[in-house]
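Scroll down for the structure; my scribbles are underneath it.
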Amino acid sequence: MKKQMMKAILLTGKESLKLAEVPVPEITPNEILLKVRAASICGTDVRMYKNGYKNVSEDHPLIPGHEFSGEIAAVGENITAYHVGQKVSVAPNIGCGVCDMCVSGNTHLCKTYDAFGVTMDGGFAEYVKIPENAIRQGNVSPLKDEISYPAAALVEPLSCVYNGQLLLNAPKGADTLIIGMGPIGIMHIMMAKVFGAGRIFVNDLNAERLSKSKELIPDVIPLEGDVMNGLRANGAEGVDVCIIAAPAASAQAQSLEYMNMNGKILYFGGLPAGRENVTINTNLIHYKQLTIQGCSKQSVSEYRLCAKLVNDGRIPLNLIMSDSYRIDQFHEAMDNAAAARGLKHVFLFD
């Protein structure tokens with residue numbers, strides 16, 4: 001019998017992407033076949049494209065994409081919790097299920113975890129197979145019909161943002177500074193409001209992005225130029241919380257200077273290879289009694305909670321999608337994402 005084919009974007013090496021016809025994945029009785037409806041481009045996808053990725057080559061291509069949503073096209077005969085036609089989004093990280101991290105609920109911190117679009121084929125394709133271990137760990141989240149597929153695809157980065165702010169444990173009413181007004185920075189504004197932040201100051205070297213943040217969320221306070229001068233102009237000698245949502249070593253180092261006593265800092269996201277060592281003034285940590293928090297990915301329970309926030313309309317993720325593309329426009333989409341034009345770039349599928 002002739003295999004059914006689908007269109008997929010293949011990463012085959014450094015700065016090497018191609019559109020190809022590949023077989024639609026076959027599923028076992030314990031798996032799900034998802035028809036992808038929307039898949040958004042993440043900074044991780046851009047880095048994998050720009051720098052190449054381990055074990056990925058022309059002979060061993062990878063379908064990228066770990067932020068996606070869709071409609072269940074087929075379920076294995078042993079699947080009872082999901083049904084054909086159901087709208088879902090999918091948490092990308094799948095733990096081994098037996099290590100200490102996994103049994104504590106932190107499957108995303110498993111040393112041998114798999115991830116759609118990173119270690120296994122992802123969502124930049126018309127169909128994706130959801131394996132049994134992802135289904136058993138609860139990675140598949142049902143969605144309301146009212147939620148758009150692009151918004152559902154963005155549950156993944158939103159849940160990363162939620163993980164960071166949950167770990168930060170900021171006090172209610174905290175004056176908060178968010179540096180970096182890309183899509184992640186905008187999500188941090190939205191989530192900071194959910195967590196009860198007070199005034200929210202925003203900063204970015206890109207004037208267009210800074211202006212866009214004010215347009216989308218009018219009550220933020222943009223700080224142009226020198227951050228401390230901007231804070232003082234608004235009657236603040238510092239902030240209680242600072243979130244660095246940009247891959248900038250200088251922003252991480254300078255953030256200590258902006259803090260009030262007992263301030264909390266979140267380093268969200270990694271720095272480029274070769275620039276990951278940052279010199280900071282540890283006396284500021286000591287004398288101001290500061291806390292610096294890191295974060296990575298998200299747990300399945302955090303993903304599920306964020307899917308509910310989107311389901312309930314409390315987080316308007318549709319605001320963040322700036323451009324949509326057909327799958328054959330992948331070069332334009334990736335180039336725009338790499339150049340930080342607009343906010344979220346999303347592939348839409350029929």
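Things to note:
- Ordered by the count of other Cβ atoms within 10 Å of each Cβ, fewest first, H60, H188, H66 give H60, H66, H188.
- Charge context of K288, other residues only, Cβ under 15 angstrom, K/R +1, D/E -1: -3
- Packing-based order for 176-187, 227-238, using average beta carbon neighbours within 10 Å, highest first: 176-187, 227-238
- Cα pair count fraction exceeding 24 Å, expressed as % - region 164-294: 20
- By the beta-carbon count within 10 Å of each Cβ, the least crowded to most crowded order of E77, E257, fewest first, is E77, E257.
- Overall Cα dimensions of the chain - principal axes, largest extent first, Å: 72, 38, 37
- Listed by Cβ neighbour count within 10 Å, with the fewest neighbours leading, C99, C42 appear as C99, C42.
- Relative to the 2.2 N^0.38 Å rule of thumb, region 224-306 has a C-alpha radius of gyration ratio of 1.22.
- Using the Cβ of D145 as centre and a radius below 11 Å, the other residues enclosed give a net charge of 0, where K and R count +1 and D and E count -1.
- Helix 300-311 axis, angle to the chain major axis (alpha carbon atoms, nearest 10°): 80
- Solvent-free Debye scattering, log10 I(q)/I(0), computed from the Cα coordinates of region 16-56 at q = 0.16, 0.17, 0.26 Å⁻¹: -0.69, -0.77, -1.03
- Highest mean packing comes first when the peptides 27-33, 80-86 are listed by Cβ atoms within 10 Å, giving 27-33, 80-86.
- The chain: relative contact order as a whole-number percent, Cα under 8 Å and 6+ apart: 18
- MRE, 222 nm, helices only [DSSP H, n ≥ 4, -39500 (n - 2.57), over the chain, to nearest 500]: -8000 deg cm²/dmol
- Here the mean projected area of the convex hull built on the C-alpha positions of region 194-266 is 5.1 nm².
Taken together, the values in this text are just the output of simple stated rules run on the coordinates, not laboratory data. A quick note: this is a predicted structure, and the numbers were derived from the prediction, not measured. Here Cβ is always computed from backbone atoms with ideal geometry, including for glycine, and neighbour counts include all displayed protein chains.
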